[in-house]
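Student: Have a look at this one.
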Amino acid sequence: MSTVTSDVEESLASVTVVDYGLGNLRSVTRGLERAGADVEITDDPDAFAAADGVVLPGVGAFREGVENADPLRDDLLAVADDGTPLFGICLGMQMLLTTSEEGANEGESAVQGLDLIPGTNVRFAEGQKVPHMGWNELTVRRDHPLVEGVDGSYAYFVHSYYAVPDDENAAVATTDYEREFPSIVASDDGTVFGTQFHPEKSGETGLQILRNFVEICADD
């Protein structure tokens with residue numbers, strides 16, 4: 001476990017970054033610090049419960065992510081149940097959904113995500129260049145405090161699968177990559193949400209989103 005203190009005079013909110021063996025933890029932490037958060041990287045469920053907000057980062061395959069995080073599944077579900085803001089990034093966002101085509105390999109049973117935003121993750125169509133990598137535009141589709149000030153901005157993506165929520169209204173923002181896909185999703189009550197892109201690699205757009213997240217945590 002490690003604690004990193006924000007370099008602003010007074011932190012706006014305490015944020016826990018979940019350490020489950022996958023994810024760009026240091027980059028995410030630095031971004032959150034710049035956004036005004038006091039950040040703790042940990043796998044301690046007590047810290048999840050005490051924080052103003054929880055970030056589930058992730059880089060890699062859906063199956064590995066779910067299996068690594070499985071010991072913390074009930075604790076992450078408790079975060080959502082308590083109404084504490086839970087923010088999934090990239091693979092972490094995909095893990096908020098129910099399942100993924102990536103987690104259903106031939107000869108293996110499918111693995112279940114957290115099912116906080118019902119739906120599945122599917123691979124881009126055959127013939128499309130994968131992974132979808134680089135800068136692409138965000139089009140805001142509905143109001144949510146996470147997307148204040150970012151409509152039409154560009155964010156940095158690296159992924160081969162995208163979310164297909166059961167409820168189309170779960171898509172807060174979309175991006176076009178030969179087809180339109182949800183690039184920001186949120187639960188019905190708005191306290192569980194995620195970005196398919198990496199805000200910590202997305203310059204001023206990403207910093208704005210991280211600031212919005214910290215403000216959500218501070219207001220909670």
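The values are calculated or read from the model by the stated rules, or taken from the named source; none is laboratory data. In this text the structure is predicted, and so the values were computed from the model without any measurement. All Cβ positions, even for glycine, are placed from backbone atoms using ideal geometry, and neighbour counts span all protein chains on display.
Student: Among the listed residues 213, 157, 193, 181, identify the single one that is closer than 15 Å to residue 135 by Cα and in contact (Cβ under 8 Å) with a residue 24 or more places away in the chain.
Tutor: Checking each option against the conditions leaves just 157.
Student: Something else: State yes or no: is residue 17 among the hydrophobic types (A, V, I, L, M, F, W, C), under 18 Å from residue 146 (Cβ atoms) and in a strand (DSSP E or B)?
Tutor: Judged against the criteria, residue 17 is a match.
Student: Inside the range 157-220, counting only strands (runs of 3 or more DSSP E) that do not spill past its ends, which hold 2 or more residues that are at pLDDT 95 or above, of a type in the set (Val, Ile, Thr) and over 25 Å from residue 49 (Cα atoms)?
Tutor: Strands (runs of 3 or more DSSP E) meeting the threshold: 171-176.
Student: Identify, from the list 33, 10, 40, the residue that is modelled with pLDDT under 95 and either charged (D, E, K, R) or part of a strand (DSSP E or B) (or both).
Tutor: Going through 33, 10, 40 in turn, just one is modelled with pLDDT under 95 and either charged (D, E, K, R) or part of a strand (DSSP E or B) (or both): 10.
Student: Here is a further query. Which of the residues belonging to the range 131-179 are small (Gly, Ala, Ser) and exposed (fewer than 12 other Cβ atoms within 10 Å of the Cβ)?
Tutor: 134, 152
Student: Can you tell me which of 74, 70, 115 is of a type in the set (D, E, K, R) and closer than 30 Å to residue 211 by Cβ?
Tutor: Only one candidate qualifies: 115.
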